[in-house]
Amino acid sequence: LVATPCSAPFLAPALGAALTLSAIESLSVFTAIAVGLALPYLLLSMFPQAIKVLPRPGAWMETFKQFMAFPLYATVGWLLWVLAGQTAGDDNALLNIVFGFVLVAMAAWAYGRFGQSYGKPARQFTGKVAAVLLFVAGLYVGWPKEAVAAPVAGAQAGYQVTWEKWSPDAIAAAQKAGKFIYVDFTARWCATCQTNKATVFHSDEVLAEFAKKNVVLLRADWTNKDPLITAELARWNRSAVPFNLIYAPNKKDPVVLPELLTPGKVLESLNEAAKS
């Protein structure tokens, strides 16, 4: 069993293909995935002498183990942000506060691990400085800030990035009005989805082209597993997000974009939709 709610950019095409293949072919795909996941252990089993190239165990492992707690804390913060989106709407302030707590916790760890009165003076000094810097950074990131009117993304390109809710009716209405349509199947917990949007919609070149073509933006938010979105993904033989489409005016079939987006790929797909 492979849990892949968010599988881009490499695993999604394989899983999408597996859903449409015969039983034997599908089993072969999943076997290949399993072999890939198990490959490090298989290689060490086949060549035990390769263990010699691995780092030797020692006291550093305890420090490394403790340090790796902080990426886990950050993950907890991100998941709390997801939860806030599922229960109370968009609230980036919550994410900043939790990340601030992570930095403060890391400051306490740095002081306790390196800044105490034992050990070499240079080690103590480094630990204390790191603790102070992390503590200040935590306060800065997490301290509640007054809302400030931010410049609208894409304003320089003359385009207002405004997402409307996706539905088949919304697509039909925009097509009837002779508009280009960009559909983003996304989820708040999908890191690749957020990276795609940050990459594409901070490009003035993309926004200028969207303004020129008056593109309608439709978002299919799968954060809470909408059954209508699930059915639409299945219709395209997809089982995960991100998934993006571009519809041209009065054309039934859209252009399917790759899982990992760049401004160049979006512009190329937009031009392909206009020509097809």
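The values are calculated or read from the model by the stated rules, or taken from the named source; none is laboratory data. The structure displayed is predicted, hence computed values, not measured ones. As a convention, Cβ positions derive from the backbone with ideal geometry for all residues, glycine included, and neighbour counts pool all protein chains shown. Please note that ligands, DNA and RNA were not included when accessible areas were found on the heavy atoms of the full protein model with its side chains. Shrake-Rupley method; radii C 1.70, N 1.55, O 1.52, S 1.80 Å.
The dipole here belongs to the chain: it is taken about the Cα centre, uses +1 on the Cβ of Lys and Arg and -1 on the Cβ of Asp and Glu, and is about 680 debye. Indicate the gyration tensor shape class of segment 31-107 (rounded, prolate or oblate), computed on the Cα atoms with a ≥ b ≥ c the square roots of the eigenvalues: a/c under 1.5 is rounded; otherwise a/b larger than b/c is prolate and the rest oblate. The shape class here is oblate. Backbone amide hydrogens, once placed in the peptide plane, bring Thr223 within less than 5 Å of Arg188, excluding anything fewer than 5 places away on its chain. For Gln160, no residue 5 or more places off, or on another chain, has a built amide H under 5 Å of its own. If the segment from Ala234 to Tyr118 were pulled out straight at 0.36 nm per residue, it would be longer than the present Cα-Cα gap by 35.7 nm. Taking a point 7 angstrom from the Cα of Ala59 along the C-beta vector, which residues in segment 98-122 have backbone N less than 11 Å away? 119-120, by backbone N distance to the label point. Accessible area per residue for the chain is 61 Å², calculated with a 1.4 Å probe on protein heavy atoms, without ligands, DNA or RNA. Surface calculation, 1.4 Å probe, protein heavy atoms: Trp163 sits at approximately 60 Å² accessible. What is the calculated FRET efficiency for Phe125 to Phe67, with r their C-beta to C-beta distance and R₀ = 25 Å, to the nearest 0.05? For Phe125 and Phe67, the calculated efficiency is 0.80. Using θ = phi - 60° in the Karplus curve 6.51 cos²θ - 1.76 cosθ + 1.60, the 3J(HN,Hα) couplings for segment 53-69 round to 7, 6, x, 6, x, x, 5, 4, 5, 5, 4, 4, 4, 5, 4, 5, 5 Hz; x is entered for Gly and Pro. 3J(HN,Hα) along segment 126-135: 4, x, 5, 5, 4, 5, 5, 4, 5, 5 Hz, from the Karplus curve 6.51 cos²θ - 1.76 cosθ + 1.60 with θ = phi - 60°, whole Hz, x for Gly and Pro. Longest stretch of the chain clear of exposed loop sites (trypsin sites (Lys or Arg not before Pro), DSSP loop, at most 10 other Cβ atoms within 10 Å, sites excluded): 1-144. Of the solvent-accessible surface of the chain, computed with a 1.4 Å probe and all protein chains present, 67% belongs to carbon and sulfur. Using a probe of 1.4 Å on the protein chains alone, the accessible area found for Asp226 is around 50 Å².
In a shell of Cβ-Cβ distance under 15 Å around Val206, excluding Val206 itself, what net charge do Lys and Arg (+1) and Asp and Glu (-1) give?
-2
The alpha carbon convex hull volume per residue for the chain rounds to 194 Å³.
Rounded to the nearest 0.05, the FRET efficiency derived from the C-beta distance between Leu27 and Gln49 at R0 = 35 Å is 0.55. In the chain, the DSSP-assigned H stretches of four residues or longer account for a calculated mean residue ellipticity at 222 nm of -18500 deg cm²/dmol, using -39500 (n - 2.57) per stretch and the full residue count as denominator. To the nearest 10 Å², what's Leu43's accessible area with a 1.4 Å probe? Per-residue accessible area (Leu43): approximately 80 Å². In order along segment 198-205, the Karplus-derived 3J(HN,Hα) couplings, from 6.51 cos²θ - 1.76 cosθ + 1.60 at θ = phi - 60°, round to 5, 6, 6, 8, 10, 9, 4, 5 Hz, and Gly and Pro are given as x.
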